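Working notes, structure below.
Read-outs throughout are calculated quantities, based only on the coordinates presented, and are distinct from any laboratory measurement. Keep in mind the model is a prediction, meaning the values are calculated, not measured. Virtual Cβ from ideal backbone geometry, glycine too; neighbours counted across all protein chains shown.
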Amino acid sequence: MAVSADASVVTTQKKLKRNSQSREVWERLKSRPTSMIALFGVLILIFVAIFADLLIPYEVAIRQVAANKLLPPGTPGHLLGTDHFGRDMLARIIHGARTALLIGVTSAGASLLISTILACLCAMFGGWVDNIIMRVIDVISCIPGLVVALAICAALGNGIPQLIVALTFSGLPMHTKMVRSVALRVSQMDYIESAVALGGSPGYIMYRHLFPNLTSIMIINGTAQVSINIMMGATLGFIGLGIKAPTPEWGTMLAEGLNFMLRNQYMVLIPGLILAISALLINTLGDSLRDAFDPQLKGRA
Amino acid sequence: MLKYAIKRILMVPILLLLVALFIFILLNLSEADPVLLMLPQEYTQADYDAMAAKFGLDKPLIVQYFNWVVKSVQGDMGISYKTKGPVADDVVFRIPISLKLAFITTLIMVVIGIPLGVMCAVKQYTAFDSIINILAKFMGSIPGFWLGLMLLIEFSINRRWFPIYGIGTVKHWVLPVFTLLLPFLANYVRQVRSAMLDCIRQDYVRTARSKGAKESRVIFREALKNALLPIITLTGGIFATMIGGAVLVEKVFAIPGVGFKIVEAINTRDIPTLLACTMILAVFTIIVQLVIDLSYALVDPRIRGTFATKKKSRRSRIKKVEEVR
């Protein structure tokens, strides 16, 4: 009886605490107008990406109409004009948002998950485990991230899954280093030591004690990584390594526009502008989240 | 200190070997057979074998790797699949071009970035600080290659102020340097600011103020001097990144540097050239990192302390305690 009462007290306390932390973060986020604007913008971006088919059918984005080549923005029926195949730019931008977010979010999520697991292993076991993981990371981080992604794309070929693998890999070294430094600090804490003393298995401690303490850095890093990966995905597309031809993708659109730069500069202007705005929104949201999670860091880069 | 330096320098060749192995495996993941790419449409088995033997592709991967290592140490980086000539001839002359771009950009970044960052830290939370902060955020979100394209369209094509491509004169370098500079500068100013803020809050700065030192002396002699260490590390790191990060800028402005060649080699599946270019970037990254680490240890006594041998220091400490007793 007493035991169950204790347990219920513990769970309610836990609930209270968990609620209050996320609420505190939310309150801090709400108090700054820039954060809310960024959040709103990112939500719109996600909305557009998810409901792209409802806004404009995919068919419009890839239909080629020879009569409508290179129309300027503002033409009736083609708000942002058309490209060199007569495809509607607005439809391509909207469906490009879906591609960009799909690539950015999955690759950032995957690299964050893998690097967090690696970092937790480093922090929990230390010694030779830590040494081997970190030396491998050292080797990879000698090559610029973009070049790693380029090489993987060149080896695996064009396509969305290949691109996601390349971006996941290129983000890995930086994340592992960052998360490891936090995980090492957390693993020195008394509660980890007492969990070890109580006989908790490493897996349990990692899942129950280490992981929850890494969520804030994961959310902050993850948001930043999404925008980096969207940008890098577009970069690879621009070089011609991204996604196969008819799929609308911002970087590929930029590269196509390059050939018509002298006749229609909007083909270069519009996708880049959308890319920059998306990156700005996500970056601002990332900064706001960092401030909200850790008010002590506020205003410091 | 010497032991640390030797250890650190000895690590370099090992690291390079591993980096080469990593790239080697990565590039050979491709299913496309490079021999087939080089052969004409009609070929016999004899042709295939001859071609494979010529490029050493008939041997297992690990043997290829060792052959490559042995040869590249002697300065022979293999034969390009594309030009059929030695890779070194096509790559070596590109190194100074890429270095020049990175060096000029870093120099300008330091000259503009440090004063701006210091100003931001000194005037923290004022309008100036916020404006620079917002500007930095904007600049950091612009894709570099797109910025380059826009500048190219506006200033080279529409206004004809600058040439469209090439590296002949000073005018040729203005747009590429600017394009490369802007995203890095944004980050740099913010980092300098935070490094300065760390130092401004320290006790010795307060002490200097309370002694009645002039504000300029407090800022430059006390705070900036101490903030310089992280700033130097940061600058070196950015310089190394720039050598590799210039890939897109070189492509957009058709600057014949290492990055330009990388893109070309990838598009033509020219693995030896790609390998050579990637290794060059890795070598620079490693060297810059080494120089930073060593100079850091040289300047900062705290770091030097951590690398002093532990046993010795403990024994000397015990000795000291005994002496005191």
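Couple of notes before you dig in:
- Site pair residue A:263 and residue B:17 shows an inter-label distance of 5.7 nm when each label is modelled 7 Å from Cα along Cα→Cβ.
- Expected-Rg normalisation [2.2 N^0.38 Å, Cα atoms] applied to the protein assembly as shown: 1.07
- Sequentially through the range B:46-55, phi angles give Karplus couplings (6.51, -1.76, 1.60; θ = phi - 60°) of 5, 4, 4, 4, 5, 5, 4, 5, 4, 9 Hz, Gly and Pro residues having no value and appearing as x.
- Maximal additional length on extending the residue B:39-residue B:111 stretch stands at 20.7 nm, based on 0.36 nm per residue less the C-alpha distance.
- Computed E for residue A:131/residue B:59 - FRET, C-beta separation, R0 45 angstrom, nearest 0.05: 0.85
- Normalised size of chain B, defined as Cα radius of gyration per 2.2 N^0.38 Å with N residues, equals 1.29.
- Values of log10 I(q)/I(0), in the order q = 0.14, 0.16, 0.25 Å⁻¹, for the range B:2-88 under a Debye, Cα-only, solvent-free model: -0.60, -0.74, -1.38
- Amide H to amide H distances under 5 Å link residue A:75 with A:81, where only residues 5 or more positions off or on other chains count and H is placed in the peptide plane.
- Placed amide H near residue B:79: partners under 5 Å, 5+ positions off or other chain: B:87
- Inter-label distance, nm, simple model (7 Å from Cα along the C-beta direction), residue B:217/residue A:56: 6.6 nm
- Given in Å, the Rg to one decimal and the Dmax to the nearest whole number for the Cα atoms of the range A:31-295 are 21.6, 76.
- Net length available on complete extension from residue B:267 to residue B:93 is 60.6 nm, with 0.36 nm assigned per residue and the Cα-Cα distance removed.
- In terms of its Cα atoms, the range B:93-279 spans 65, 39, 27 Å along the principal axes, sorted from long to short.
- Karplus-based coupling profile of the range B:226-237, in residue order and whole Hz: 7, 6, 4, 4, x, 5, 5, 4, 4, 4, x, x, with θ = phi - 60° in 6.51 cos²θ - 1.76 cosθ + 1.60 and x standing for Gly or Pro.
- Going from the fewest other Cβ atoms within 10 Å to the most, the residues B:172, A:78 appear in the order B:172, A:78.
- Applying a threshold of 23 Å to the alpha-carbon distances of B:137/B:171; B:100/B:251; A:177/B:71; B:7/B:261; B:137/B:261 flags B:137/B:171; A:177/B:71; B:7/B:261; B:137/B:261 as lying beyond it.
- Theoretical gain in end-to-end length, residue A:277 to residue A:201 [0.36 nm per residue, Cα-Cα removed]: 22.7 nm
- Exposure proxy order (Cβ contacts within 10 Å, fewest to most) of B:90, A:294, A:83: A:294, B:90, A:83
- Label-point separation in nm, residue B:291 to residue B:204, each point 7 Å along Cα→Cβ: 2.6 nm
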